[in-house]
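Heads up: the structure comes next, in structure tokens.
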């Protein structure tokens with residue numbers, strides 16, 4: 001991944017923060033004791049390996065940043081105290097950086113590191129690459145720099161543009177062409193030109209691209225109220241910063257949500273615990289779990305295994321938060337992890353009766369495979385994008401391994417875990433080996449059409465539009481579903497008197513088979529109908545966005561999709577029990593499916609409620625205000641009509 005210099009723009013006057021901004025720059029306001037707004041940006045840049053950080057500010061503010069950051073950054077001041085906008089700060093910083101590519105970050109923006117990672121990975125193909133949030137909170141839409149897209153290209157930016165497509169998040173990846181465009185814009189519009197003005201000029205040249213960051217946390221801090229909001233957002237930002245790109249699925253969805261809360265809780269209260277002590281504690285928990293396995297206390301052992309896995313993440317998180325990460329701690333943690341896993345397998349081995357040499361060999365391979373995954377991952381390039389993407393879904397990672405060990409230990413299933421340790425790490429190592437295979441460059445053989453080349457005229461075909469294609473699928477699937485249901489219902493009358501069909505220990509009535517076939521038909525064609533319906537919901541969302549005015553396309557699409565999913569899930573809840581009830585084990589299957597569907601219904605409903613609060617609250621409040629204003633007007637009109645006859649008397 002590229003490591004270009006970063007320019008942080010901090011030359012604003014922060015007039016909306018007065019009187020607080022009269023004493024210190026807004027970007028040095030604290031989110032927590034000794035942790036400022038700009039500290040987060042500097043911290044994320046350093047963690048991504050950015051060596052050169054340039055802070056651009058006014059002459060009167062330079063001393064604050066020099067005192068705060070010392071040699072960690074280079075402070076560059078403009079040649080005037082005021083009378084300029086942020087594009088002049090941008091131009092000053094770009095000239096000082098003197099490089100072909102660079103990052104630009106607004107000093108009053110807080111964001112999670114994943115936004116920075118995506119920008120570093122995908123930026124640089126045009127003069128400006130901005131970060132686009134398609135579904136920002138409703139209260140950020142009105143003041144944010146709105147971005148308008150057409151055919152995947154940016155066509156317009158501005159505070160007064162349509163919010164239909166989303167807003168910019170205040171981070172940019174720029175090239176030398178951006179400096180030229182900034183200089184042209186300042187020459188034409190003067191020192192009060194803004195970055196938005198330069199973006200509009202770059203759009204005319206086709207020199208603006210974007211990176212999708214929808215769903216990631218960020219906000220700008222312009223008012224005291226937003227400062228308080230940023231302080232509330234800080235724990236979530238810190239927790240997300242502790243999630244590593246290569247974290248396995250169990251770590252990402254189970255362990256990190258717990259461990260990061262512990263680490264952030266300690267950090268925000270200034271409670272420092274040595275990461276090495278936490279590594280030792282995790283190891284001791286694994287040792288204790290091994291002893292409990294030997295003594296037959298399997299439930300307690302299983303709990304301690306998973307607890308050890310969770311605590312194992314806290315040491316690194318504490319080290320990163322407090323800035324005490326070092327090579328010794330990483331090596332100690334890795335060493336203790338390997339021996340902790342060996343102790344757990346040794347405890348399981350004490351409960352297994354080995355009857356053949358093959359079983360002994362399998363156990364030895366399982367123990368050896370504890371080291372194989374991390375060893376092969378390092379050989380394949382631990383920090384490469386390909387290995388990171390594989391590790392993030394690996395069933396052989398330590399987090400997955402310990403969860404499986406805990407679950408199988410709880411049920412006294414040691415041999416399945418040994419077999420898992422024999423097969424899965426080896427299979428993942430083979431995947432890494434295949435992914436690391438160098439591409440071959442065979443000799444190029446001339447490949448051409450035979451001579452003479454005969455041209456055959458083909459009749460031009462009219463291109464089918466997306467509307468026609470989806471309408472065709474919707475009508476065809478609906479008709480086919482109706483025909484199949486009618487045919488199946490006709491067959492019902494023909495087979496209703498037939499005897500059950502024997503199948504192993506079960507007997508199936510022909511009606512049961514038809515019920516299952518009918519369910520399959522409904523699910524298949526219903527799925528096709530739902531997919532085509534989503535296209536028409538997208539069209540409806542565009543119309544609704546233009547009517548509402550302050551809601552993005554993504555928010556409306558997601559709301560309509562959630563409503564469609566709720567309807568589909570409700571239909572399944574209504575239909576499934578009748579179809580599954582007649583199958584073997586139908587009662588159990590029916591109950592399990594109902595529980596799953598109810599859980600899914602609640603999950604989608606929760607997502608819809610959260611989306612409404614985030615994106616539609618502003619629109620809803622406006623409509624309530626208009627209705628209240630209208631009712632007040634009607635009430636006053638009626639009162640005025642009643643008072644008129646009295647005045648005449």
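The rows are residues; the columns are (1) surrounded by 23 or more Cβ atoms within 10 Å (Cβ to Cβ); (2) part of a strand (DSSP E or B); (3) modelled with pLDDT under 90; (4) more than 25 Å from the chain's Cα centre (by Cα).
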site	(1), (2), (3), (4)
76	no, yes, no, yes
93	yes, no, no, yes
114	no, no, no, no
118	no, no, no, no
136	yes, no, yes, no
140	no, no, yes, no
144	no, no, yes, no
164	no, no, yes, no
172	yes, yes, no, no
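From the list 387, 365, 376, 400, the one residue that fits, being more than 27 Å from residue 314 (Cβ to Cβ) and not in a loop (DSSP other than H, G, I, E, B), is 365. If the condition is being within 31 Å of the chain's Cα centre (by Cα) and either under 24 Å from residue 415 (Cβ atoms) or surrounded by fewer than 21 Cβ atoms within 10 Å (Cβ to Cβ) (or both), then the range 311-332 contributes 316, 320, 322, 323, 324, 325, 326, 327, 329, 330, 331. Put simply, of 223, 214 the only residue that is surrounded by fewer than 18 Cβ atoms within 10 Å (Cβ to Cβ), under 21 Å from residue 118 (Cα atoms) and either in contact with a strand residue (DSSP E or B) (Cβ under 8 Å, 6 or more places away or on another chain) or modelled with pLDDT under 95 (or both) is 214. Would you confirm, using the coordinates I've provided, whether residue 253 is assigned by TED's automatic domain parsing to the domain that holds residue 118 and in a helix (DSSP H, G or I)? In short, no. Within the range 242-260, track down each residue that is in contact (Cβ under 8 Å) with a residue 40 or more places away in the chain and farther than 21 Å from residue 386 by Cα. Hits for the range 242-260 are 254, 255, 256, 258, 259, 260. Between 335, 287, the distinction of being part of a helix (DSSP H, G or I) and either free of Cβ contacts under 8 Å to residues at least 40 places away in the same chain or touching a strand residue (DSSP E or B) at 6+ places or on another chain (Cβ under 9 Å) (or both) belongs to 335 only. Note on the range 1-34: residues that are out of contact with any helix residue (DSSP H, G or I) (no Cβ under 7 Å at 6 or more places or on another chain), farther than 24 Å from residue 60 by Cβ and not in a loop (DSSP other than H, G, I, E, B) amount to 0.
Yes/no matrix, rows are residues, columns are (1) out of contact with any strand residue (DSSP E or B) (no Cβ under 6 Å at 6 or more places or on another chain); (2) assigned by TED's automatic domain parsing to the domain that holds residue 254; (3) crowded, with 21+ Cβ neighbours inside 10 Å; (4) modelled with pLDDT under 85:
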position: 362; (1), (2), (3), (4): yes, yes, no, no
position: 375; (1), (2), (3), (4): yes, yes, no, yes
position: 385; (1), (2), (3), (4): yes, yes, no, yes
position: 389; (1), (2), (3), (4): yes, yes, no, yes
position: 401; (1), (2), (3), (4): yes, yes, yes, no
position: 406; (1), (2), (3), (4): yes, yes, yes, no
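Only one entry in 191, 132 is surrounded by fewer than 23 Cβ atoms within 10 Å (Cβ to Cβ), part of a loop (DSSP other than H, G, I, E, B) and touching a residue at least 24 places away in the same chain (Cβ under 8 Å), namely 191. Take the range 54-74 and flag every residue that is part of a strand (DSSP E or B) and farther than 16 Å from residue 108 by Cα. 74, the sole residue that qualifies.
The values are calculated or read from the model by the stated rules, or taken from the named source; none is laboratory data. Small disclaimer: the values here were computed from a predicted structure and weren't measured. Positions of Cβ are backbone-derived with ideal geometry, glycine not excepted, and every protein chain shown enters the neighbour counts.
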